[in-house]
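A.B. asks: Encoded as structure tokens, here's the structure I'll be asking about.
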Amino acid sequence: MRLALLGPPGSGKGTQAKRISEKYGLPHISTGDILRGNLREGGYLDKESREVLHLGGLVPDSVAVEIIKKRLAEDDCQKGFVLDGFPRTLSQAESLNGFLGESKKSMNCVLYLALNEEEAVKRLTGRRICSRCGLTFHLVFHPPRTSGLCDRCGGKLSQREDDSEHTVRERMKTYQKETFPLIEYYRKRRLLTKIDANRSIECVFKDLCGAVEGCR
């Protein structure tokens, strides 16, 4: 089963992709996690790509495509995967079709998590991440028991740089320009299932599982 999750920042792609990964035994491939890891660890990203990420933009297609192509060639992806954050442009989608086609494979389903901009801003600006263990909290929806500290390990909570309101608004502009056209791209190919992401995690996950089962 080869799946991809699309949707604006804050729509829950990462959360839902992890749950789908666990339920169906598929590797969860997050380009965002990979890129942030490179920023922290001083990886191969060039100066231009790093600056783009800090400003809420997208790295060049060539960088994103190379990351995914290498990851999907690994053994654990041969029976399927769930993509989170890729493709983000029409060019990336075409590249994905190309290198999957080389192995006579194709996408089974693209799940679109629809969310309005104001809800996205509310969700992302309230998010806090533990600097020690990476656990995620939200000041409104899932606050820590002790303000500013992780429930699990006691580490200090902080806001990711790309979760500030200014950066979130810029990310939404980028999404509308670069990624939203993918909705029509996959709809025309009869691969798209739209899910209302303005609801609880459980409600959204239930509908996602129904969509996945329908693609099997």
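A.B. asks: So, in the range 175-198, of the ones that are part of a loop (DSSP other than H, G, I, E, B) and under 16 Å from the mean Cα position of the chain (by Cα), which residue ends up nearest to Leu90 (Cα to Cα)? I'd like the intermediate steps shown before the answer.
C.D. replies: Start the filter on the range 175-198 by keeping residues that are part of a loop (DSSP other than H, G, I, E, B), which leaves 180, 189-191, 197-198.
Adding the requirement that they be under 16 Å from the mean Cα position of the chain (by Cα) leaves 180, 197.
Numbers: Phe180: 9, Ala197: 23 Å.
Filtering first and then ranking leaves Phe180.
A.B. asks: Name the single residue that is surrounded by the fewest Cβ atoms within 10 Å (Cβ to Cβ) among those in the range 124-174 being of a type in the set (A, V, I, L, M, F, W, C), assigned to a loop (DSSP other than H, G, I, E, B) and touching a helix residue (DSSP H, G or I) at 6+ places or on another chain (Cβ under 8 Å). If you could, list the steps in order and put the result at the bottom.
C.D. replies: Within the range 124-174, the subset of a type in the set (A, V, I, L, M, F, W, C) is 124, 129-130, 133, 135, 137, 139-141, 149-150, 153, 157, 168, 172.
Checking the rest, the ones that are also assigned to a loop (DSSP other than H, G, I, E, B) come to 133, 135, 139-141, 150, 153.
Remaining after also requiring touching a helix residue (DSSP H, G or I) at 6+ places or on another chain (Cβ under 8 Å): 140-141.
Details: Val140: 10, Phe141: 12.
Out of the qualifying residues, it is Val140.
A.B. asks: Scan the range 61-86 for residues that are assigned to a loop (DSSP other than H, G, I, E, B) and surrounded by 21 or more Cβ atoms within 10 Å (Cβ to Cβ) and jot them down. Spell out how you get there, then give the answer.
C.D. replies: Of all residues in the range 61-86, those assigned to a loop (DSSP other than H, G, I, E, B) come to 73-74, 78-80, 85-86.
Result: Gly85, Phe86.
A.B. asks: What number of residues in the range 87-115 are in a loop (DSSP other than H, G, I, E, B) and exposed (fewer than 14 other Cβ atoms within 10 Å of the Cβ)? Break it down stepwise before answering.
C.D. replies: First pass over the range 87-115, keeping only residues in a loop (DSSP other than H, G, I, E, B): 87-89, 102-108, 115.
Those still in the list that are exposed (fewer than 14 other Cβ atoms within 10 Å of the Cβ) too: 102-104, 106.
Selection size over the range 87-115: 4.
A.B. asks: Here's a follow-up. From Lys188, Lys206, which residue is of a type in the set (Lys, Arg) and either under 30 Å from Pro60 (Cβ atoms) or in contact with a Cys (Cβ under 7 Å, 6 or more places away or on another chain) (or both)?
C.D. replies: Working: Lys206 fails: either under 30 Å from Pro60 (Cβ atoms) or in contact with a Cys (Cβ under 7 Å, 6 or more places away or on another chain) (or both).
Going through Lys188, Lys206 in turn, the sole match is Lys188.
A.B. asks: Let me ask another. Six or more apart or on different chains, Cβ under 7 Å: which pairs go from a residue in the range 89-112 that's touching a residue at least 60 places away in the same chain (Cβ under 8 Å) to one that's in a helix (DSSP H, G or I) and among the aromatic types (Phe, Trp, Tyr)? Could you list them?
C.D. replies: Note: pairs meeting the criteria are Leu90/Tyr185; Ala93/Tyr185; Val110/Tyr186.
A.B. asks: Are there any pairs, at least 6 apart or on different chains, whose C-beta atoms fall under 9 Å, with the first in the range 154-171 and more than 16 Å from Ala120 (Cα to Cα) and the second of a type in the set (Gly, Ala, Ser) and exposed (fewer than 12 other Cβ atoms within 10 Å of the Cβ), and if so, which?
C.D. replies: Once the first residue is more than 16 Å from Ala120 (Cα to Cα) and sits in the range 154-171, its partners that are of a type in the set (Gly, Ala, Ser) and exposed (fewer than 12 other Cβ atoms within 10 Å of the Cβ) give Lys156/Gly148; Leu157/Ser147; Leu157/Gly148; Ser158/Gly148.
A.B. asks: Related question: Just the residues that are of a type in the set (Gly, Ala, Ser) and either surrounded by 15 or more Cβ atoms within 10 Å (Cβ to Cβ) or farther than 14 Å from Leu3 by Cα (or both), please, taken from the range 176-212.
C.D. replies: Here is the first cut: in the range 176-212, the residues of a type in the set (Gly, Ala, Ser) are 197, 200, 210-211.
Across the range 176-212, the qualifying residues are Ala197, Ser200, Ala211.
Each value in this text was obtained by applying a stated rule to the coordinates, not by laboratory testing. Just so we're clear, the structure is a prediction, and the values are computed from it rather than from any experiment. In this analysis, Cβ positions are derived from the backbone assuming ideal geometry, glycine residues included, and neighbour counts consider all displayed protein chains.
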